[in-house]
Amino acid sequence: MSVLNNFDSWKDFLGDRLHQAKGQGMQEGAVSELAYEIGGYLANSVDAKNDHEAVLRDLWNVADEKEQHAIANMMVKLVQNEGNQA
């Protein structure tokens, strides 16, 4: 099963990547900017697989840049306690 097919697996996956990035010295601002760029990519280039993903995509698309940054920051907060913390 793909990590993208299950939201809990997706959060664990993102949490692992977040912990790796921080463990390698990536600063909070860089993490937030990367999350913003990934959010834009997902909203524009990846088809929603379920209603939850469609809602997130639609919210992203109606948000202005400041709101998109806020959504990205909330996703970082959502996964910061997920995955394996090294």
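In percent, what relative contact order does the chain have, based on Cα pairs under 8 Å that are 6 or more apart in sequence? Spell out each step's value before the answer.
Values: 66 pairs, mean separation 44.1, N = 86.
Once divided by the residue count of the chain, the mean separation gives 51 percent.
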With every protein chain kept in place and a 1.4 Å probe, the chain has an accessible area per residue in Å² of 71
Most fluctuating of N50, N73, N61 in the GNM of the chain (C-alpha, under 10 Å) is N50
Here are a few candidate values for P(r) over Cα pairs in 10 Å bins from 0, in percent: [x] 12, 20, 22, 11, 15, 16, 3, 1; [y] 16, 39, 28, 15, 1; [z] 18, 49, 30, 3. Which one was actually calculated from the structure I just gave you?
[z]
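The values are calculated or read from the model by the stated rules, or taken from the named source; none is laboratory data. Note that the coordinates shown come from a computational prediction; the quantities given were computed from them, not determined experimentally. Surface areas here come from the heavy atoms of the whole protein model, side chains and all, with no ligands, DNA or RNA. Shrake-Rupley method; radii C 1.70, N 1.55, O 1.52, S 1.80 Å.
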